[in-house]
1. Identify, from the list Val214, Val208, the residue that is at pLDDT below 95 and open to solvent by less than 10 Å² (accessible area, probe 1.4 Å).
2. Return a yes/no flag: does region 469-479 have any residue that is more than 15 Å from Gly159 (Cα to Cα) and β-branched (Val, Ile, Thr).
3. Looking for something modelled with pLDDT of 95 or more and more than 16 Å from the ligand (Cβ to nearest atom) - is there at least one such residue anywhere in region 329-339?
4. Output the residues belonging to region 558-599 that are touching a residue at least 60 places away in the same chain (Cβ under 8 Å), over 22 Å from the mean Cα position of the chain (by Cα) and open to solvent by 10 Å² or more (accessible area, probe 1.4 Å).
5. I'm told Ile423 meets every condition in (1) within 12 Å of the ligand (Cβ to nearest atom); (2) out of contact with any Lys or Arg (no Cβ under 9 Å at 6 or more places or on another chain) except one. Can you identify the failing condition by its number?
6. Name the residues in region 152-168 that are in a loop (DSSP other than H, G, I, E, B) and near the ligand (Cβ under 10 Å from one of its atoms), would you?
7. Anything in region 358-378 that is touching a Lys or Arg at 6+ places or on another chain (Cβ under 9 Å) and either open to solvent by 60 Å² or more (accessible area, probe 1.4 Å) or of a type in the set (D, E, K, R) (or both)? List them, or say none.
8. Condition test on Trp229, is it modelled with pLDDT of 95 or more, open to solvent by 10 Å² or more (accessible area, probe 1.4 Å) and among the aromatic types (Phe, Trp, Tyr)?
Amino acid sequence: MESLQLTTKVSSCIPSSRNPVQAKFSNFTVVGQVGYAPFWRGRSGSRCLRIRASVSGGGGGRGSSSQDGNFAVEDEEKEEKKGPLLGTEMDGSGSVVGFNLIPQSGKVEFNGVNYSSKETTTNGLEDSEDIGREKNAKTRVTHNIVLVTSEAAPYSKTGGLGDVCGSLPIALAARGHRVMVVSPRYINGTPADKKFANAVDLDCLIKVYCFGGVQEVGFFHEYRDGVDWLFLFSFRYLLTTPHTIDLEIHMGIYMVLLVIIRHFRFTLLCHAACEAPLVLPLGGFTYGEKCLFLVNDWHASLVPVLLAAKYRPYGVYKDARSILVIHNLSHQGVEPATTYMNLGLPPEWYGAVEWVFPTWARKHALDTGQAVNLLKGAVVTADRLLTVSQGYSWEITTAEGGYGLNGLLSSRRSVLNGITNGIDVAEWDPSSDEHIACHYSAENLNGKAQCKIALQKEVGLPVRPDCPLIGFVGRLDYQKGIDLIRSAIPEIMEDEVQFVMLGSGDLEFEDWMRATESAYKDKFRGWVGFNVPISHKITAGCDILLMPSRFEPCGLNQLYAMRYGTVPVVHDTGGLRDTVENFNPFVQEGHGEGTGWTFSPLTKESMLVALRNATRTYRDHKSSWEGLMKRGMQRDYTWENAAIQYEQVFEWAFLDPPYVS
Ligand SMILES: Nc1ncnc2c1ncn2[C@@H]1O[C@H](COP(=O)(O)OP(=O)(O)O[C@H]2O[C@H](CO)[C@@H](O)[C@H](O)[C@H]2O)[C@@H](O)[C@H]1O
């Protein structure tokens, strides 16, 4: 099975005059950037594409997907449903040549995965039982969603991106959408590999064209919680590269190799994610062309560029839409300009990803500043842009928060929105958390004191139930404001407090944590590493969670903390500002309101003031403290809230024509 192939020989290039948007963007380049704002220039050039048959027959091929109606309307007026398909017929070469139908009532099994007809929507329609139940329900539109990500918990996680991409798909599936998640299959020869144990090899190799030739990629698949989880592998990738994300974090000296590995891995990921909806008959049906791509951060940013440059000019994915979800603008996937040829894009599309560093950012006199920037590619080609909080969606349009993309992002402000992340309320639930010593809830807080004692014992701090215990969990890097904690620690340690930090990342900060532990044996513990059970124990056992993030697109730890009755003290920025309400003890007839402390500006002094206000309230105003804890615990953090807002954005995406067609 092969994908659209781009030849490097260029023979024709005919931008459509049908659509002004296409005319404007299908051939462009950035010729200069002043303050990073690009000037677009048409570029004469041409291309020749060769389409090789990928799926033929059975209505599952490109252009005639079996799920063309994936943009489905659910209401009681539904027409007769079709029976689900059993699976594919393949020819000797492994190409799909047809499908076998089975009756609609039975169970569907494909590659060992059970899809009951209730779970598997046909053209997005729910079964008649549901229709009956929802007789009076409002008409609702469901979509075929392809979420592309470098990580998805519990399979892979290095940070919040993994959490979000592990939970949001399930919430969307629960609302009736058909959802596929495409991410790499990280196998590293450790017990962590077991997380992929339930995924079965689909035995379907596809060919994509990038990195100077044909690359074969395959998929493992698990159907769980209503979601098709697809894990990508490539033999070349397995044989030639370290493939654990944990290892990558510690690769330091092999950074150059690491950059190449990532570039290769995520280029493959994007190409494969574009092919998967067309060629994989999951549960008997392909997702088809009329799907919605949710692409997360720079790793998946090539997807909208591929849709525009490789597929739409040849009539494929005309009705698809793409939404770029920005979790962290400070990582943009910037590589040397020479790597453009690896991306599998037509030469004339260079302008979409072209990036010119300003003079001051160049390393030497001969450095021309030329680079490719994958995230920028998505910013200029995706149909809509999303960030993970409203505050951050504004910050990225400013010079301070825009990391050089603020000009472009501002120019797309009309399609830029922010939706605050939810959290996995089943995994993060103090009344049932398997990692913590004692369960508790807003109604009965007794167990929290036990969790604090258990944490103090586990990390070897003196057991002092009344001493305020401050926690920190997160990546040790510039974003998280670790340098601020480092500069404030001598003063924090003068107070009657204990402090537990869990984190990994920057080696300098890891060393600092170890040294601080030696210096303040009775007060400070620094746990270097990535340890999910300990993160739960800290969240439950501490009284206060400190987050002095320099910027924070959303932040999950403050949400986890509030759900566990641990009061956050945060820098007043981005998603932290949106989610933590500053404590005011005087309102509500002295009952107070708010869920934590927000401080600004980002200085040691203002952080210390907020922290000391928190510890004083903890010690001297027990009822106010309990109010703070309970208000935080009673907030609604479910993903359903966020999923409903995502649906609104999906609707807007399909109302407009494709941004680049
Ligand atoms: N050492 C360690 N051991 C165990 N667990 C650890 C850990 N270090 C971090 N974690 C966990 O990783 C997650 C980090 O969440 P953040 O929201 O801080 O994400 P991050 O900055 O990575 O992601 C980006 O994406 C997310 C999701 O959109 C945004 O919330 C965020 O603002 C943005 O920077 C949490 O679940 C945390 O508990």
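The values are calculated or read from the model by the stated rules, or taken from the named source; none is laboratory data. Note that the structure is a prediction, hence the values are computed from the model and not measured. Positions of Cβ are backbone-derived with ideal geometry, glycine not excepted, and every protein chain shown enters the neighbour counts. Just so you know, the surface numbers come from the protein's heavy atoms only, side chains and all, with ligands and any DNA or RNA stripped out. Shrake-Rupley method; radii C 1.70, N 1.55, O 1.52, S 1.80 Å.
1. Sole residue among the options that is at pLDDT below 95 and open to solvent by less than 10 Å² (accessible area, probe 1.4 Å): Val208.
2. Checked region 469-479: at least one residue is more than 15 Å from Gly159 (Cα to Cα) and β-branched (Val, Ile, Thr).
3. Checking region 329-339: not a single residue is modelled with pLDDT of 95 or more and more than 16 Å from the ligand (Cβ to nearest atom).
4. His571
5. All conditions are met except number (2).
6. Residues of region 152-168 that are in a loop (DSSP other than H, G, I, E, B), as a first pass: 152-159.
Within region 152-168, Ala153, Lys157, Thr158, Gly159 qualify.
7. Thr368
8. no
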